[in-house]
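Report on one structure; see the data block that follows.
The values are calculated or read from the model by the stated rules, or taken from the named source; none is laboratory data. Every value quoted in this text rests on a predicted model; they were computed, and no experiment measured them. Here the Cβ is made from the backbone with ideal geometry for all residues, glycine too, and neighbour counts use every protein chain on show. Accessible surface areas use protein heavy atoms only, side chains included; no ligands, DNA or RNA. Shrake-Rupley method; radii C 1.70, N 1.55, O 1.52, S 1.80 Å.
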Amino acid sequence: MPVRARAHVYDMQPYRPGKTPEQLMQSLGLSELIKLSANENPLGASPRAKEALVNALDIIHRYPDGACSVLRDALSEFYGLPPDHFVFGNGSDELIHLFGVAYLEPGDGLMMGQPSFVRYEASAQLNQATLQAIPLTPDFRHDLEAMADAITARTKLLYIANPNNPTGTIVSRAELERFLERIPDHVLVILDEAYFEYVDHPDYPNGLDYVRAGRNVVVFRTFSKAYGLAGLRIGYAMGRPELLDPVERVREPFNVNTLAQVAAAAALSDQAHVARTRALNREGLNLFSTACERLGLRYVSSYANFLLIEGGERCAQVHQRLLERGILTRTGEVFGMPTYLRVNTGTPEQNARFVEALADALRE
Ligand SMILES: Cc1ncc(COP(=O)(O)O)c(C=O)c1O
């Protein structure tokens, strides 16, 4: 009999990476490609992080600090949260994986918005959990009432991406607090705040308030977006130590590499870079939304660093035409919205190029 992996693993889809920017440029004969498809920081990483990386090259023959002590202490001071309230991951992707492995028994429920970040679903599949995908409201926001109504005795992990990916929408403080009042003790609410640093809205809740209040809430944040370190892979979860302890037990000892730790600590110390990133994004979102209005395209008002634009039937064509003009965006197929295009903000020049190319692509 041939060797077989666990049966349910064959039901999972492997991650199929798209073509790299270099491969795309080669196949399309482009000399330049503007990548606006992965919600990355167009300013790159902080110069301080780059300098710290160069200095750290002398220690890469050693194993990493398995406790991420320097970064842990820096974050602890930054947030005024005890050091034992943090756990680190190889990107928040790994945290999603680890929380699933640590918490989910077969048949438990993992609840998420539909559409929301696709990796939550993979965590449910891997752990043979029941996916409880609750459609967003017609205005593309998490339907917290419907989510609370759908909780069962088996619901275990409940993800709210705030802002949500791919919609960029947020839940308000009042909505979240009403919702948390309805959450039974057997449910762990994970607020995935990957785009936290971008949000500029007085009603946006800071998930840490609920961690500090002792709720069954864990907050995820990442260095991949506003801090510009996506390629190094580092994210962190904040919560009461007893909620993080199961993850500490299942994670690999050296899951976060030395360069990621060093760069993240340096990036954290450069809040001016984060402020520049935020301001640039605000400008980009304004430009994109004004352009959509001018072009008669509907879009979802976003608080993150990307905009979801309705392209209708011709969406795939528009995506392709943009690509031929050297601009890579994301089609909504992966998250079940094939008539939408997701595009992140870039530098002012990149943004102007996108707007111009979009107008061209629609005209063709
Ligand atoms: C909502 C959300 N959570 C998590 C992630 C993963 O981020 P990381 O790079 O930290 O793994 C992303 C990345 O796009 C995201 O949009």
Quick one: which of 122, 74 is at pLDDT 95 or above, under 21 Å from residue 189 (Cβ atoms) and part of a helix (DSSP H, G or I)?
122
Top-ranked residue in the stretch 230-245 [being assigned to a loop (DSSP other than H, G, I, E, B) and open to solvent by 10 Å² or more (accessible area, probe 1.4 Å); ranked as farthest from the ligand (Cβ to nearest atom)]
240
Matching residues in the stretch 22-41 (open to solvent by 40 Å² or more (accessible area, probe 1.4 Å) and either outside any loop (DSSP other than H, G, I, E, B) or in the same structural domain as residue 165 (by TED's automatic domain parsing) (or both)) number 7
Condition broken by residue 213, with the remaining ones in (1) without any contact (Cβ under 8 Å) to a residue 24 or more places away in the chain; (2) within 13 Å of the ligand (Cβ to nearest atom) satisfied
(2)
The stretch 1-21 - residue that is β-branched (Val, Ile, Thr) and more than 21 Å from the chain's Cα centre (by Cα) and, of those, least open to solvent (accessible area, probe 1.4 Å):
9
Give me a count of the residues in the stretch 347-364 that are in a loop (DSSP other than H, G, I, E, B) and either within 20 Å of residue 294 (Cα to Cα) or in contact with a Cys (Cβ under 6 Å, 6 or more places away or on another chain) (or both).
1
Identify all residues within the stretch 77-100 that are more than 16 Å from the ligand (Cβ to nearest atom) and open to solvent by 20 Å² or more (accessible area, probe 1.4 Å); write none if there are none.
77, 78, 79, 80, 82, 83, 84, 85
Of the residues in the stretch 303-342, how many are out of contact with any helix residue (DSSP H, G or I) (no Cβ under 6 Å at 6 or more places or on another chain), among the polar types (S, T, N, Q) and assigned to a loop (DSSP other than H, G, I, E, B)?
0
Of the numbered conditions (1) surrounded by fewer than 23 Cβ atoms within 10 Å (Cβ to Cβ); (2) among the β-branched types (Val, Ile, Thr); (3) not in a helix (DSSP H, G or I), residue 219 satisfies every one except a single condition; which is it?
(1)
Residue 254 passes all but one of (1) away from the ligand (no atom under 16 Å from the Cβ); (2) open to solvent by less than 40 Å² (accessible area, probe 1.4 Å); (3) touching a Gly at 6+ places or on another chain (Cβ under 9 Å); (4) among the aromatic types (Phe, Trp, Tyr); which number fails?
(2)
Just the residues that are more than 19 Å from the chain's Cα centre (by Cα), open to solvent by less than 10 Å² (accessible area, probe 1.4 Å) and of a type in the set (S, T, N, Q), please, taken from the stretch 145-201.
155
Residue 290 being of a type in the set (S, T, N, Q) and in contact with a helix residue (DSSP H, G or I) (Cβ under 8 Å, 6 or more places away or on another chain):
no
Please verify whether residue 248 is open to solvent by 40 Å² or more (accessible area, probe 1.4 Å) and touching a residue at least 12 places away in the same chain (Cβ under 8 Å), treating the condition exactly as stated.
yes
